[in-house]
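Below is one structure, written out as structure tokens, with a few remarks after it.
The values are calculated or read from the model by the stated rules, or taken from the named source; none is laboratory data. The model shown is predicted, which means the values in this text are computed figures rather than measured ones. Counting neighbours? That spans all protein chains shown, and the Cβs are built from the backbone with ideal geometry, glycine included. Side chains included, ligands, DNA and RNA excluded: accessible areas come from the protein's heavy atoms. Shrake-Rupley method; radii C 1.70, N 1.55, O 1.52, S 1.80 Å.
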Amino acid sequence: MNVLLLGASGRIGQRIANELLERGHEVTGVSRSGEIDDADFKAVAGDATDPAKIAELAEGHDAVASALGPSGGEGVEIVPEMAEALIEGLRQTDVDRFVWTGGAGGLNVGPDTQVVETDEFPDELVPLAEAHIDAWEVIREVDDLQWSYIAPPAQIEPGERTGEYRTAEGQLVASEDGESYISMEDFAVAFVDELENSDEIHTQLAVGY
Ligand SMILES: NC(=O)c1ccc[n+]([C@@H]2O[C@H](COP(=O)([O-])OP(=O)(O)OC[C@H]3O[C@@H](n4cnc5c(N)ncnc54)[C@H](OP(=O)(O)O)[C@@H]3O)[C@@H](O)[C@H]2O)c1
């Protein structure tokens, strides 16, 4: 596939780029500066809050992958803003497939409880979690584009690529002892599996070990 990767300079985006390249896909990686150290793919500049720029960059690709996040000191409200811009931008193109990296805060841990509502959830991360929930609310309403929303577990860090992971629709993935974790490398495996296979269109797919 020929993939436009938004957030290619980020921690998760770099791992998604590596996973895509390992599987023989072509990657155009977007960041604001367009300069990504040691990139093995075509790096381009683009502001992901600008629908016209997204449309211009996306045209001609098979799909758009997003690992966007508020990395530049801007407010967390940029997260739903970028989701809206991506949707508006893709509607101006022939590209109708995107896979989005979301947040764990909006996943459920019980029938009526979201992760962000639990006592263990760190206070300082509540605004970011709520911004991800706002982005999810934007994306879930979309039925004219083929999207998948991939949500990390509670913890995600650089680590090993094992190729193993579990998934659950809308529910936090945790081990029997309650640990909710995945390496960024295995998150990238799950992300690219979904991009390639499109098994979970219009789904909030949680991943973890
Ligand atoms: N447990 C969880 O729920 C959990 C844990 C970790 C991460 N996440 C989420 O996963 C996503 C990725 O995380 P990460 O740690 O990889 O983030 P990161 O390292 O901060 O990377 C964010 C990426 O977004 C890009 N970006 C930001 N604003 C942009 C704009 N206006 N235009 C174009 N690109 C823009 C950055 O590019 P430049 O700055 O180079 O332009 C960078 O590539 C984030 O949304 C994060 O909140 C969730």
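Key figures for this structure:
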read-out	value
Size descriptor, Kirkwood hydrodynamic radius, that averages inverse alpha-carbon separations across region 16-129, Å	15.8
Theoretical ellipticity at 222 nm over the chain - DSSP helices of four or more residues, -39500 (n - 2.57) apiece, nearest 500	-9500 deg cm²/dmol
Relative packing of peptides 157-170, 44-57 - highest average C-beta neighbours within 10 Å first	44-57, 157-170
Surface share of carbon and sulfur [accessible, 1.4 angstrom probe, percent] for region 149-209	39
In region 83-122, the GluC sites (Glu not before Pro) that fall in loop regions by DSSP, at most 16 other Cβ within 10 Å	120
Residue-count net charge about residue 197 - beta-carbon cut-off 13 Å; Lys, Arg +1, Asp, Glu -1	-3
Antiparallel bridges, percent of DSSP beta bridges restricted to region 2-208 (to nearest 5)	15
Gyration tensor verdict on region 112-161 (Cα atoms; rounded if a/c is under 1.5, prolate if a/b is larger than b/c, oblate otherwise)	oblate
0 to 90° range, to nearest 10: angle between helix 11-22 axis and the chain longest Cα axis	60
Convex hull of region 40-83 built on C-alpha atoms - directionally averaged projected area, nm²	3.7
Rounded if a/c under 1.5, otherwise prolate or oblate - region 67-209, Cα gyration tensor axes	oblate
Region 137-209 versus region 20-74: alpha-carbon centroid distance in Å	20
Sequence-separation-based contact order of region 2-208, relative, with Cα cut under 8 Å and 6+ spacing, percent	20
Packing-based ranking, highest mean first, of 108-116, 75-83, 185-193 given that Cβ atoms within 10 Å are counted	185-193, 75-83, 108-116
Rounded percent of accessible protein surface that carbon and sulfur make up, region 74-145, 1.4 Å probe	43
